[in-house]
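Shown next, in structure tokens, is the structure this report addresses.
Just so you know, all these numbers are worked out from the coordinates, no wet-lab data involved. Keep in mind that what you see is a predicted model, and the values were worked out from it rather than measured. Methodologically, a virtual Cβ is constructed for each residue, glycine included, from the backbone with ideal geometry; neighbour enumeration extends over all protein chains shown.
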Amino acid sequence: MKVLIVSNSDIKGGAARSSYRLHQGLQSIGFDSQMLVQEKHSDNKAVIGKGSGSGIGKVSSGLRLTLDKLPLKFYPHHQNGFSTHWLPSKVGSSVNKINPDIINLHWVSAGYLQIEEVAKFKKPIVWTLHDMWAFTGGCHYNQDCFNYKASCGSCPQLHSRKNNSTKNSDLSRWIWKRKAKAWKNLELTIVTPSQWLAKCAKESSLFKDKQVEIIPYGLDLSKYTKFDKQIARRLLNLPQDKKIILFGALKATSDGRKGLHHLQPALKKLSDSGSIENLELAIFGASKPENPVDFGFKSHYLGTLNDDLTLALAYSAADVFVAPSVQDNLPNTVMEAIACGTPCVAFDIGGMPDMIEHQQNGYLAQAFKEEDLAQGIAWILESKDRYLKLSYRAREKAEQEFPLEKQATRYLSLFQSILGENSHLGKNQLVTN
């Protein structure tokens, strides 16, 4: 079986890293997996795309992203996180040259894949969703809008209600109609990493009649494992005698969806209460700004961490990881943290309950209740015996549900059922869930 994973990038960004890990997982159990990407950043020979060091590659991908955003010029008050996918693309011709048995689409925004081209692929398609874009009128997360359940239009993220009197003149309505027309008779299988995103997909007007499967992300648990805390802190230049709260994400301090505006007041409340002494904060995914946010205690900015080893060291150095996202699918950061034995605190939203078992390996705070977020951090840190149990269960949860090999075999079982194959799948002849 020849599998082709199609993604905007191989390792740049959370969705890309997840798709690349699946690619590695498929290879590790002996299957022919390739990736087709717009931006190649790894040195994996089975990844096809223009390298990040290529001047032409940088210009091409940057230009496509700029052009994809052109229709948004008509909506000067639009929010970030909106993709139009109107540009013609050459992905189809590249796919035909590779001639896979099955195509696994992942995150294909940033001007990479035109909506209409999806229907032109001549092979079975499995689409792994990393956000909501595939079944909305252009937004990647719906916030408080549920128009995608019927048909998009009058989009609050475009602020089009102020500019248009009818839904038909709305950009989100145009994008939704293009998807509905192009994908109407498409044989398409949907995979979501979280139960929350599966529920959203099943409720959507575009995918309500499609097969929707849930397959969580996988991790190489030999890389994401618990390192000695003192060594990890020494390598990252973090204090040995403090309790360290860790927060991190891509664009951690600038992406509002990641919840910095909830974290800051929660940590201030924790600091003011004085319930936990010797607290400090470490942040990755951002450099120290000129005017740092006042969290109530000292903060360490670790910058962007790209490699698995440094990320595992950061999680191991921390006493607790906090993910105050307002919407999220199945964030890699939480999965990576629990794999390193670090208990996590998050709001009870999205895919968080799929990874965090309340008061078993972390704490699920009431959605957007900053007091409860602070309480969760304190609850984890205030008892050493409790902490050891939480840490043990965190790693155990990762070993039980998120090994890379388990994810890969579940995908191959799905591919097998779609293609109707019973043999010649690779060195593993029997694929089971």
Dipole size in debye (nearest 20) for segment 229-401 around its Cα centre, Lys and Arg Cβ +1, Asp and Glu Cβ -1?
360
In whole Hz, the Karplus estimates of ³J(HN,Hα) for segment 177-188 (6.51, -1.76, 1.60; θ = phi - 60°; x where Gly or Pro) are 5, 4, 5, 4, 6, 6, 9, 4, 10, 7, 7, 9
If you filter segment 187-245 for trypsin sites (Lys or Arg not before Pro), then keep DSSP loop positions with at most 12 other Cβ within 10 Å, what is left?
K208
Of K210/K397; K40/K97; K243/K298, which sit over 20 Å apart, Cα to Cα?
K210/K397
What are the ³J(HN,Hα) couplings of segment 274-283, residue after residue, when phi is run through the Karplus curve with 6.51, -1.76, 1.60 and θ = phi - 60°? Round to Hz, x for glycine and proline.
x, 6, 10, 8, 6, 9, 9, 10, 10, 10
For segment 16-139, fraction of C-alpha pairs farther apart than 20 Å, in %:
48
Measure of size requested: the Rg and Dmax of segment 64-202, with Cα atoms as the atom set and Å as the unit; please supply both.
15.1, 47
How large is the direction-averaged shadow of the alpha-carbon convex hull of segment 275-422, in nm²?
10.7
Among Q360, S299, Q230, the residue whose Cα sits farthest towards the positive end of the charge dipole of segment 229-401 (+1 at Cβ of Lys and Arg, -1 at Cβ of Asp and Glu, taken about the Cα centre) is Q230
Run the reach check for K2 against aspartates and glutamates, Cα to Cα strictly under 14 Å, same-chain hits fewer than 8 apart removed. What comes back?
D32, D101, E421
Pull up the cross-link candidates among the aspartates and glutamates for K184, meaning alpha carbon to alpha carbon under 18 Å and not fewer than 8 places away within one chain.
E116, E117, E203, D209
Taking the Cα atoms only, what angle lies between the long axis of helix 308-317 and the longest principal axis of the chain, rounded to 10 degrees?
30
P(r) over all Cα-Cα pairs of the chain, 10 Å bins from 0 to the longest distance, whole percent per bin, short to long, reads 4, 21, 30, 26, 15, 4, 0
19 Å Cα-Cα reach of K288 towards aspartates and glutamates, excluding residues that sit fewer than 8 places from it in its own chain
D255, E280
Could you state the principal axis extents of the C-alpha atoms in segment 303-348, from the largest down, to the nearest angstrom?
28, 20, 17
Say the cut-off is 24 Å between C-alpha atoms; which of K69/K181; K50/K179; K122/K179; K122/K149 go over it?
K50/K179; K122/K149
Under unit Cβ charges (Lys, Arg +1; Asp, Glu -1), what dipole magnitude, rounded to 20 debye, does the chain have relative to its Cα centre?
1380
Can you sort L305, L279 from fewest to most other Cβ atoms within 10 Å of each residue's own Cβ?
L305, L279
